[in-house]
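Taking it in order: structure first as structure tokens, then the write-up.
The values are calculated or read from the model by the stated rules, or taken from the named source; none is laboratory data. All of these numbers come straight from a predicted model, not from anything done at the bench. Here the Cβ is made from the backbone with ideal geometry for all residues, glycine too, and neighbour counts use every protein chain on show. Please note that ligands, DNA and RNA were not included when accessible areas were found on the heavy atoms of the full protein model with its side chains. Shrake-Rupley method; radii C 1.70, N 1.55, O 1.52, S 1.80 Å.
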Amino acid sequence: MEPDIVEPASPGQEPATPIVPAQADLAPATPESQALAQAEDLLKQSLADRYRITEVLDTSGRGAVFKAIDTKSDLDVAIKVIDLTHLPLVMQERIRQDTKLAMKLDHPGIVQVFDFGQVDQLFYIIMEFVPGANLHQVRQSFTALEKKTILPQIIQLMHQLSLTVDFMHQQQILHPSLM
């Protein structure tokens, strides 16, 4: 991490506050950082009257996931923002339809979706915030442990995932990651 840059104080004055370089000055913009900036702008402009962002949970090339407080209900929520700019129209429609279907599902293995919308080419989904590690973090922790130690945990996780996928199939839904 680079140190803050501080303007020198004139004689008799208190030191000035640090000047933190802009993100663009530190590193070239990546698709991930651009998506994050777009998502943050969307939230500030369009959703700020209802949601207050408290944390960035994840970023990807197509969007980001934020933890926020729903100021109306005072509940923690997750807000997933997807950049539709370079997605074919059929994929954009699939995202909308899948989100509508997800709102109808009620299962302990499926995150509850509360609302969704679109501003320009940014699609957002307001959903239940589930504290804890994400799947990538869980996989990393399993990798660090001995195989004998984690086998019961892996079996339990696979059992839960199988029950959730079975429920989805009973609802005539196929998860996109399983296609």
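Of note:
- Heavy-atom accessible surface of the stretch 60-125: percent carbon and sulfur, 1.4 Å: 55
- Once the C-beta distance of Val165 and Lys44 is scaled by a Förster radius of 30 Å, the resulting FRET efficiency is 0.25 to the nearest 0.05.
- 15 Å reach of a label modelled at Val111, 7 Å along Cα-to-Cβ, counting backbone N of the stretch 55-83: 55-70, 76-83
- Per residue accessible area in Å² of the stretch 83-179, where ligands, DNA and RNA are left out and the probe is 1.4 Å: 74
- Spacing of the two label points (7 Å from each Cα toward its C-beta) at Leu174 and Arg94, in nm: 1.0
- Counting only protein heavy atoms and using a 1.4 Å probe, the accessible area of Leu75 comes to about 100 Å².
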